[in-house]
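*Asks:* This is the structure I want to talk about, given as structure tokens.
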Amino acid sequence: MTRVVVVDDQTLIRQGIRGLLEVAGIDVVGEADDGRAALPVIARTTPDVILLDLRMPRFDGIWTLERLRADNVDIPVLVLTTFDDDELVLAALRAGARGYLLKDVTLDQLTRAIRTLADGGTLIAPSITDRMLRAIRSGPSPVGPEAPPVQSLTEREQEVLRLVARGYSNREIAELLFLAEGTVKNHVSTILTKLGARDRTNAVLRALHEGILG
């Protein structure tokens, strides 16, 4: 069973999400009302996915993402928020979120997204609009000015990267390309190195910025 921690400042929202997810077979192992309260809950429960709101009155979602990254917590974060704001989406993705959904999604969409992240996938493609793509390409590099120059990707690596950008996990990519899962993991590792990226989300953002994708 996939295990989730829900971080949202509204008690009713947290309780509602818990009830819906548990009906859908997802185990909510912890809750918190802001990022500071979430850290010990996450450390204690080690969930498969963190479900995170962005706008919270004290320690908000961006603060939480940055703190998790600073603490080297490698648990995928799915942002679930009411705010469809380009700058906020980009800030969350650059801070390490692996998915971004609005709260008007269906339960089926939410559970599929949680399981996708738990399985190693991302939700970049459904979340990035044309406006955000333009912002990524025209703005500063998502990996920072100190990042090494991008190295060229092989045709196979580009194929793998396109599937990563569409949210597929290593296992799903292996099935689609008729490869061993270990081979796909090696390709992803090489892609991260060549793009100077710390994770899959960051790799997709830099690839978009550099015009490698689309």
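*Asks:* Only one residue in Arg55, Arg94 is surrounded by 14 or more Cβ atoms within 10 Å (Cβ to Cβ), touching a strand residue (DSSP E or B) at 6+ places or on another chain (Cβ under 8 Å) and not assigned by TED's automatic domain parsing to the domain that holds Asn202, so which one is that?
*Replies:* Of the residues listed, the single one that is surrounded by 14 or more Cβ atoms within 10 Å (Cβ to Cβ), touching a strand residue (DSSP E or B) at 6+ places or on another chain (Cβ under 8 Å) and not assigned by TED's automatic domain parsing to the domain that holds Asn202 is Arg55.
*Asks:* While we're here: Would you check if Leu80 is loosely packed, with under 14 Cβ neighbours inside 10 Å, among the hydrophobic types (A, V, I, L, M, F, W, C) and over 21 Å from Arg198 (Cα atoms)?
*Replies:* no
*Asks:* Something else now. Just to check your reading of the model, which residue among Ala203, Ala113, Ala135 is assigned to a helix (DSSP H, G or I), in the same structural domain as Gly25 (by TED's automatic domain parsing) and either at pLDDT below 95 or charged (D, E, K, R) (or both)?
*Replies:* Among Ala203, Ala113, Ala135, only Ala113 is assigned to a helix (DSSP H, G or I), in the same structural domain as Gly25 (by TED's automatic domain parsing) and either at pLDDT below 95 or charged (D, E, K, R) (or both).
*Asks:* Name the single residue, out of those in the stretch 65-76 being in a loop (DSSP other than H, G, I, E, B) and among the charged types (D, E, K, R), that is farthest from Val6 (Cα to Cα).
*Replies:* Among them, the one singled out is Asp71.
*Asks:* Here's something else I'd like to know. What pairs come out if I take residues in the stretch 173-190 that are free of Cβ contacts under 8 Å to residues at least 12 places away in the same chain and pair them with residues that are in a helix (DSSP H, G or I) and hydroxyl-bearing (Ser, Thr, Tyr) whose C-beta lies under 9 Å away, six or more apart or interchain?
*Replies:* That search, which allows pairs on different chains as well, returns Ala174/Thr183.
*Asks:* Output the number of the condition that Arg198 fails; it satisfies all remaining conditions of (1) at pLDDT 85 or above; (2) within 15 Å of the chain's Cα centre (by Cα); (3) closer than 18 Å to Pro149 by Cβ.
*Replies:* Looking at each condition in turn, Arg198 falls short on (1).
*Asks:* Considering the stretch 16-64 alone, what residues qualify as being within 20 Å of Thr116 (Cα to Cα), in contact with a Gly (Cβ under 9 Å, 6 or more places away or on another chain) and either assigned to a loop (DSSP other than H, G, I, E, B) or at pLDDT below 95 (or both)?
*Replies:* Scanning the stretch 16-64 gives Pro47, Asp53.
The values are calculated or read from the model by the stated rules, or taken from the named source; none is laboratory data. No experiment lies behind these values; they were computed from the predicted model shown. Backbone-built Cβ (ideal geometry, glycine too); neighbour counts: all protein chains shown.
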